[in-house]
Each structure stands twice: as C-alpha cells, then as structure tokens.
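The values are calculated or read from the model by the stated rules, or taken from the named source; none is laboratory data. Owing to the predicted nature of the structure, the values given are computational and were not obtained by experimental measurement. Cβ sites come from the backbone with ideal geometry, for glycine too, and all protein chains shown count toward neighbours.
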Amino acid sequence: MKTDWETRRDIVACARQVYEKGIVAATDGNISYRMMTDRIMITPAGKSFGNLSTDDLAYVDIDGNILTFEQKPSSELPMHLEIYRQRPDVNAVIHAHPPFATALTLTGNSLSDPILPEVVMMFGEIPTAPYATPSTQESAESIRHLIKDHDAILLDHHGAVTYGSSLDDAYLKMEKLEHTAKTILAAKTLGTPKILDGDQLNKLKELKNKSSYGKHIVESLFTAN
Ligand SMILES: [Zn+2]
C-alpha cells in the first residue's frame, strides 16, 4: 500500500504525463487513487495538470464526503466514485479529454468495432457512453451500465475515462485509447477500416486465455461473428 506522500507524488507525475502527452488542456481532466477501502485521493477542481502540486490533492471517502477542506475535489468526483463502488479491483481512475478520441464521438463514430488486434486483447471493446452534462451526477449515471465489463469508456461529446489496478495501468489505457483513435481516424481518411472476422477474433481469444493480457475481454465480441 502506498503512503500518503507516495500517492501524492505519483498522481502529480501521472497528471504531468497526461498533460505533456496532449491528452488534456487547461484545467481539463481529473485523476484519483484509492488509498484504502474507504479513502480516495483526487485532483482538485480548476487546476491545470501542467502545474499541479502535491499539496493540491483532496481526500474524499467512498460516499463523496470531503475529508480535506482546504482542497475542493474535482467536479467529476461522482464518476470516479461510481467506478470504485462497482469495481473493487480498481485503484486508479483517469478522466481526460483526448482530442482524437473525442473527435470520434463528435461525429457519431466510435471505437467499439474490433479492428486492431492489440486493442481487442487489451480492452475487448471500447464503448461510448451516452451524452451527459459534464461535472454533474449525469456523468456517473451515463457510464453506470458499462463499468463492470470495460476498462475504458468514451464519453459522448466530452472525452474518455480509463481505470485499472494502478495509476500506470490507467494511464497506459488512456494513452492506448487515444493512439487507437488516431489510427482509426487515419484509416478513415484512406477508406473504410476492415473489421476482424470471427476466426481472427477466436484466435485472439485463445491467445488471451493463455496470457494475463487484457482482463475484460467481452465474450459477446467473440461469439457475435
Ligand atoms: Zn471532462
């Protein structure tokens, strides 16, 4: 279990990585980490990831009660709490506004089709949650039905949320999600991306079963073809 100081240091480092990668701008985005069963550290409202300090982070409990009154938690706290409540295996959540992934949702496109093998292995499917007013309880409600079976979700006209066992895990999923969006957008400028067929998906399923790569492969993805 990380100490308070280690958690602050690692959240700030993760935020800097997200900022420098261009996955957020200005005061977009929020990152949280589950310290103990009932205690969560989260980035504050209205502060840029580019100059976040270890003193800026807020503590809340799983019910959203603020435990440190000097810092105001991110307004997207309800979305983070919904994920922690449903997924005891999750210790870190990242919400960001990756521009290419968000652009897909603005035009009615998605990342739900099985096109790239490593993405199928890592995520199964990346679904898109219906539009919700940002910074309200609606954000939590819009992803509620998707949390259990997915580790990465696009938010219509808003951005994306990824989560995992560690900050690194959640970050790598966000980075991969945005890279996938770039690849799909590039493919769409050349033609229509080809979807992997049933045989190709079944071989990926066999490969996945032999490794620990990708925990939340959606079974229906493999049986639908
Ligand atoms: Zn947002």
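Are any residues in segment 144-154 surrounded by fewer than 23 Cβ atoms within 10 Å (Cβ to Cβ) and of a type outside the set (D, E, K, R), and if so, which ones?
Within segment 144-154, HIS145, LEU146, ILE147, HIS150 meet the criteria.
Out of contact with any Leu (no Cβ under 7 Å at 6 or more places or on another chain), among the basic types (Lys, Arg) and not in a loop (DSSP other than H, G, I, E, B): does that describe LYS188?
So LYS188 passes the test.
Suppose we keep only residues that are under 14 Å from GLY124 (Cα atoms) and under 13 Å from the mean Cα position of the chain (by Cα) within segment 155-190. Which one would you say is surrounded by the fewest Cβ atoms within 10 Å (Cβ to Cβ)?
It comes out as LYS176.
Which residues, taken from segment 118-135, are in contact (Cβ under 8 Å) with a residue 40 or more places away in the chain and assigned to a loop (DSSP other than H, G, I, E, B)?
GLY124, GLU125, PRO134, SER135, listed by residue number.
Can you tell me how many residues within segment 139-172 are assigned to a loop (DSSP other than H, G, I, E, B) and of a type outside the set (Val, Ile, Thr)?
Result for segment 139-172: 12.
State all residues of segment 1-38 that are at pLDDT 95 or above, part of a strand (DSSP E or B), of a type outside the set (Phe, Trp, Tyr) and away from the ligand (no atom under 16 Å from the Cβ); if no residue qualifies, say none.
Answer for segment 1-38, where residues must be at pLDDT 95 or above, part of a strand (DSSP E or B), of a type outside the set (Phe, Trp, Tyr) and away from the ligand (no atom under 16 Å from the Cβ): just ARG34.
Tally the residues that are more than 18 Å from LYS2 (Cβ to Cβ) and outside any loop (DSSP other than H, G, I, E, B), restricting the search to segment 39-70.
Qualifying residue count for the region: 5.
Output the residue which, of all residues in segment 21-55 that are within 11 Å of SER74 (Cα to Cα), without any contact (Cβ under 8 Å) to a residue 60 or more places away in the chain and of a type outside the set (Gly, Ala, Ser), is surrounded by the most Cβ atoms within 10 Å (Cβ to Cβ).
Looking at the filtered set, the residue picked out is THR43.
Looking only at segment 57-75, decide whether some residue is touching a helix residue (DSSP H, G or I) at 6+ places or on another chain (Cβ under 8 Å), modelled with pLDDT of 95 or more and within 16 Å of the ligand (Cβ to nearest atom).
Yes: one or more hits.
Of (1) closer than 22 Å to VAL12 by Cα; (2) within 16 Å of the ligand (Cβ to nearest atom); (3) not in a strand (DSSP E or B), PHE100 satisfies all except one. Which?
PHE100 satisfies every listed condition except (1).
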